[in-house]
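Shown below is the structure under consideration.
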Amino acid sequence: MPQLLANGETLYYAEEGAGPAVLLVHSLGANSSMWRPVSAALRDRYRCIAFDCRGHGNTTYKGTFTVADVAADLNAGLDQLGVSRVHLVGISMGGPILLEMYAGRPGRVASLTIADSFYDNRASSADRLAQTEQQLQGKTMLAFGREYAKSRLQPATPQDAYEDLAQAVSMVTPKAYMDTLRAISTVGFQGLLAAVSVPTLILYGDKESPPLVEQGKRMAETIPGARLDVIAGAGHLSSLDQPAKFTE
């Protein structure tokens, strides 16, 4: 994988195709590999770029993770790749990262697609953090990743997607995982929504949890002109459950 240096971290990324640039931002525990089916479908028309966020995949981790820092990493990465205009696509934790990227460089963003995401999980953050700490005890990250995949993917999702997600999670250290979870669940991002002024698509699967469905609806109501679509047969990671529908 190619790599570049941004804000003291070595960022690894995947890139394929030619045309208008599309940046794909992965979910907690995953990495750029989760976007392979989407990139394969788009590469004949678009330049598809997917970074491993700090602490994930092959990208380094110096010990701090904030959503604003990651957004700055990715904006710096796009600078180095010569991207002046980009469509942003993010899933789960990718949603807040996109909002911070837009806030930092609104003139570069052509559109936003925010999937299976959220703007404020603070009400449930203490329970989620404590539960995850407990789940991590006494097991490898691969074992934790397999449990995580079972809790997030749909029964009809191909089994190789389960193992691919588990393997991705296994590349994240427990500290980086908890730091990331804390960063995305103890900060609210709703103040960034109303400032968005580019075409925006909000997506979620019809099997998504009710609290996130409600947040998706509220995002679509708050972002001026945003459109909301539901992907049948998908849960929290709709690009893995239904990659063809997601790409469409």
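Does Leu5 satisfy the criteria of being surrounded by fewer than 24 Cβ atoms within 10 Å (Cβ to Cβ), over 26 Å from Tyr162 (Cα atoms) and without any contact (Cβ under 8 Å) to a residue 24 or more places away in the chain? Outline the logic, then answer.
Values: surrounded by fewer than 24 Cβ atoms within 10 Å (Cβ to Cβ): yes; over 26 Å from Tyr162 (Cα atoms): yes; without any contact (Cβ under 8 Å) to a residue 24 or more places away in the chain: yes.
The answer is yes for Leu5.
If you don't mind, another one. If you go through region 158-174 one residue at a time, how many are surrounded by 16 or more Cβ atoms within 10 Å (Cβ to Cβ) and more than 19 Å from the chain's Cα centre (by Cα)?
Selection size over region 158-174: 0.
Somewhere in region 238-245, is a residue over 19 Å from Met34 (Cα atoms) and either open to solvent by 30 Å² or more (accessible area, probe 1.4 Å) or out of contact with any strand residue (DSSP E or B) (no Cβ under 8 Å at 6 or more places or on another chain) (or both)?
Here is the first cut: in region 238-245, the residues over 19 Å from Met34 (Cα atoms) are none.
No, every residue in region 238-245 fails to be over 19 Å from Met34 (Cα atoms) and either open to solvent by 30 Å² or more (accessible area, probe 1.4 Å) or out of contact with any strand residue (DSSP E or B) (no Cβ under 8 Å at 6 or more places or on another chain) (or both).
If you don't mind, another one. Could you please give the count of residues in region 38-68 that are in contact (Cβ under 8 Å) with a residue 40 or more places away in the chain, under 20 Å from Ser117 (Cα atoms) and not in a loop (DSSP other than H, G, I, E, B)?
Within region 38-68, residues that are in contact (Cβ under 8 Å) with a residue 40 or more places away in the chain, under 20 Å from Ser117 (Cα atoms) and not in a loop (DSSP other than H, G, I, E, B) number 3.
For region 47-68, give me each residue that is buried (at least 22 other Cβ atoms within 10 Å of the Cβ) and of a type in the set (S, T, N, Q).
Correct list: Thr59 only.
Got a number for residues in region 79-99 being surrounded by fewer than 22 Cβ atoms within 10 Å (Cβ to Cβ), in contact (Cβ under 8 Å) with a residue 40 or more places away in the chain and farther than 21 Å from Ser238 by Cβ?
4
Report those helices (runs of 4 or more DSSP H) wholly inside region 92-210 carrying at least 1 residues which are among the β-branched types (Val, Ile, Thr).
Those helices (runs of 4 or more DSSP H) span 94-104, 122-136, 159-170, 174-185.
Now for a different question. Looking at (1) buried (at least 22 other Cβ atoms within 10 Å of the Cβ); (2) in contact (Cβ under 8 Å) with a residue 60 or more places away in the chain; (3) small (Gly, Ala, Ser), find the lone condition where Ala71 falls short.
(2)
For region 63-78, give me each residue that is at pLDDT below 95 and on the phi < 0 side of the Ramachandran plot. First the steps, then the outcome.
We begin by selecting, within region 63-78, every residue at pLDDT below 95; these are 63-64.
Matches in region 63-78: Thr64 only.
Now for a separate question. With respect to Gly216, determine if the residue is under 23 Å from Ser124 (Cβ atoms), touching a Ser or Thr at 6+ places or on another chain (Cβ under 9 Å), in a loop (DSSP other than H, G, I, E, B) and not polar (S, T, N, Q).
No, not satisfied.
Looking only at region 175-185, which residues are open to solvent by less than 70 Å² (accessible area, probe 1.4 Å) and closer than 15 Å to Glu133 by Cα?
If the condition is that a residue be open to solvent by less than 70 Å² (accessible area, probe 1.4 Å) and closer than 15 Å to Glu133 by Cα, then Ala176, Tyr177, Met178, Asp179, Thr180, Leu181, Ala183, Ser185 are the ones that fit.
The values are calculated or read from the model by the stated rules, or taken from the named source; none is laboratory data. These figures come from a predicted structure and were not determined experimentally. Glycine also receives a Cβ, built like all others from the backbone with ideal geometry; neighbour counts cover every protein chain displayed. What goes into the accessible areas is simple: the full protein's heavy atoms, side chains included, and nothing from ligands, DNA or RNA. Shrake-Rupley method; radii C 1.70, N 1.55, O 1.52, S 1.80 Å.
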